Amino acid sequence: MTFFESHLSCKGKRNIIFSLTKTKDDNMSMNMIFFGPPGSGKGTYSDRICPGFGIPHISTGDIFRHAIAEKTELGKKVESLLKTGKLVDDKTVMNIIKERLKKPDCKKGFVFDGFPRTLEQAKELEKIAKIDLVINLNLADEILIEKALARRICEKCGNVYNIADIKRNGISMPPLLPKKTGICDKCSGKLIQRKDDNEQTLKDRLDVYREQTMPLIEYYKKRGMIKNVDVVAGPEIMVPKILAVIKKELKA
Ligand code: ADP
Ligand code: ZN
């Protein structure tokens, strides 16, 4: 058993983080995409996995929500699109990504969550960064909707919680509850529901995902970059599973 594996089997985030930083070559970078439909857990997994690599979690959705909350020009431009589940135009998205990648914290790598979302974005991304791995999270639509409707986010820091307790068809996802009902563990902010996490908008977002984003699976498959992960449990089980996939890739 390697150092990494012995720590992987331990419970608790700290051990996993430590083991990853130990095995990773300082000169190596890991540029990853966490891919999957709305509600598949891209944000939660990115949040838990990135610290171990010392790399940022870059969520275009979070960037837009922040801009909306701050009432910036960008926020005003995208607010109605997010509300209805439509995509922001590729040019705007690419400008944000180009600026974000210039920041020094991206040197060792990054995880994109919610980007790229169209073929055009993937092609543009290829011109500015080399992607090492795409983790494709799979989950049945019916579960996605149930999970997304039960999602709660902190209005201050965006940390994600979930009140659904799903146990059926071989899937076991316990709720991700805050210590105090309605209050964020990290910053004591108020927990709210995202405006686009309602049944109608979710169905629209799933349609948009199928039409515009799913073709990217084929795109990355052809390039041998994609690894599929079935989401069947909560983060306690899924995070080590995803880490094992990444670890295999790091060795390859
Ligand atoms: P989810 O994956 O749960 O649908 P996100 O937080 O990734 O949510 O995105 C929320 C919304 O932000 C999307 O419905 C879309 O309006 C916009 N958005 C986020 N990322 C992109 C992107 N890469 N391209 C276009 N629009 C985006
Ligand atoms: Zn918070």
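The values are calculated or read from the model by the stated rules, or taken from the named source; none is laboratory data. Note that the structure is predicted; figures quoted are calculated from it, not measured. In this analysis, Cβ positions are derived from the backbone assuming ideal geometry, glycine residues included, and neighbour counts consider all displayed protein chains.
Observations, loosely collected:
- Filter result for ILE153 (of a type outside the set (Lys, Arg), more than 25 Å from ARG223 (Cα to Cα) and within 16 Å of ligand 2 (Cβ to nearest atom)): yes
- Any hit, the range 182-202, residues being among the hydroxyl-bearing types (Ser, Thr, Tyr) and farther than 24 Å from THR118 by Cα: yes
- Only listed residue being within 19 Å of the chain's Cα centre (by Cα), assigned to a strand (DSSP E or B) and free of Cβ contacts under 8 Å to residues at least 60 places away in the same chain, chosen from ILE237, ILE153: ILE153
- Remark: pairs (first residue in the range 59-86, over 24 Å from ASN31 (Cβ atoms) and modelled with pLDDT of 95 or more; second residue outside any helix (DSSP H, G or I) and within 16 Å of ligand 2 (Cβ to nearest atom); Cβ separation under 8 Å; 6+ apart in sequence or on different chains) are absent.
- Scanning the range 156-184 for residues being within 16 Å of ligand 1 (Cβ to nearest atom) and either over 18 Å from SER46 (Cα atoms) or part of a loop (DSSP other than H, G, I, E, B) (or both) gives a total of 4.
- Any pair with Cβ under 8 angstrom, 6 or more apart, that starts in the range 108-126 at a residue that is more than 16 Å from GLY61 (Cα to Cα) and ends at one that is of a type in the set (Val, Ile, Thr): LYS108/ILE55; GLY109/ILE55; LEU125/ILE97; LEU125/ILE131
- Residue match in the range 209-229 (condition: part of a helix (DSSP H, G or I), out of contact with any Pro (no Cβ under 7 Å at 6 or more places or on another chain) and either among the hydrophobic types (A, V, I, L, M, F, W, C) or within 16 Å of ligand 2 (Cβ to nearest atom) (or both)): yes
- Test result for THR44, within 16 Å of ligand 2 (Cβ to nearest atom) and farther than 24 Å from ILE128 by Cα: yes
- Residue in the range 175-190 that is within 14 Å of ligand 2 (Cβ to nearest atom), within 13 Å of ALA233 (Cα to Cα), in contact (Cβ under 8 Å) with a residue 40 or more places away in the chain and not acidic (Asp, Glu) present: yes
- Scanning the range 188-218 for residues that are among the hydroxyl-bearing types (Ser, Thr, Tyr) and surrounded by fewer than 17 Cβ atoms within 10 Å (Cβ to Cβ) turns up just one, SER188.
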